Amino acid sequence: MNTMEKDNTIKKARDTTHTLILSRDVLKKIHGTSIIGRINTYLAVKITQIVGSMWCAYIFVLLTLISLPAAIASHNTIVIVSWIAQTFLQLVLLPIIIVGQNVQAEASDARAKHDHDTLNAIHTLTAEIYKINEQQTQILDLLNKK
């Protein structure tokens with residue numbers, strides 16, 4: 001790497017700014033920034049917040065229990081298995097999975113925030129070290145000229 005490329009690399013590194021990007025910050029990329037895109041994003045987030053709650057899971061459990069007596073009364077194994085797989089598991093697991101994903105997203109955002117703070121600290125310290133190194137180089141150059 002020649003001196004000019006090295007200087008450009010150093011300048012680019014020195015001028016780098018670190019941007020914290022969280023889950024909520026990328027919503028615009030999914031539906032866009034138009035009015036329709038913002039409405040779609042808003043509705044999707046609100047519906048996901050409602051369906052992705054343990055309260056919704058509890059309501060879905062109660063809802064599925066309405067058809068349980070009819071499934072049992074049929075004495076048909078296929079109907080009972082179908083009720084378990086298609087009614088109970090699908091309705092109840094949906095909100096529970098969303099809750100789990102929300103927890104994972106929050107943990108991921110917390111890690112991103114921590115990593116962002118760490119990178120900023122490292123960048124600041126490195127910039128200070130580089131500045132001290134430049135000053136020492138200038139002093140050594142002056143001593144070499146004598």
Helix 35-51 sits at what angle to the longest principal axis of the chain, using alpha carbons and giving 0 to 90 degrees rounded to 10? 60 degrees
Rg to Rh for the stretch 77-130: what is it, with Cα atoms only and Rh by Kirkwood? 1.54
Over the chain, what is the mean sequence separation of C-alpha contacts under 8 Å (at least six apart), divided by residue count, expressed as relative contact order in percent? 29 percent
Add -39500 (n - 2.57) for each DSSP H run of 4 or more in the chain, then divide by its residues: what number comes out at 222 nm, to the nearest 500 deg cm²/dmol? -27500 deg cm²/dmol
Note: residue 109 to residue 131 extended length (0.36 nm per residue) minus current alpha-carbon separation gives 4.7 nm
To one decimal place, what orientation-averaged projected area in nm² is obtained for the convex hull of the Cα set of the chain? 15.8 nm²
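Read-outs throughout are calculated quantities, based only on the coordinates presented, and are distinct from any laboratory measurement. Bear in mind the structure is a predicted one, so any value in this text is a computation, not a measurement.
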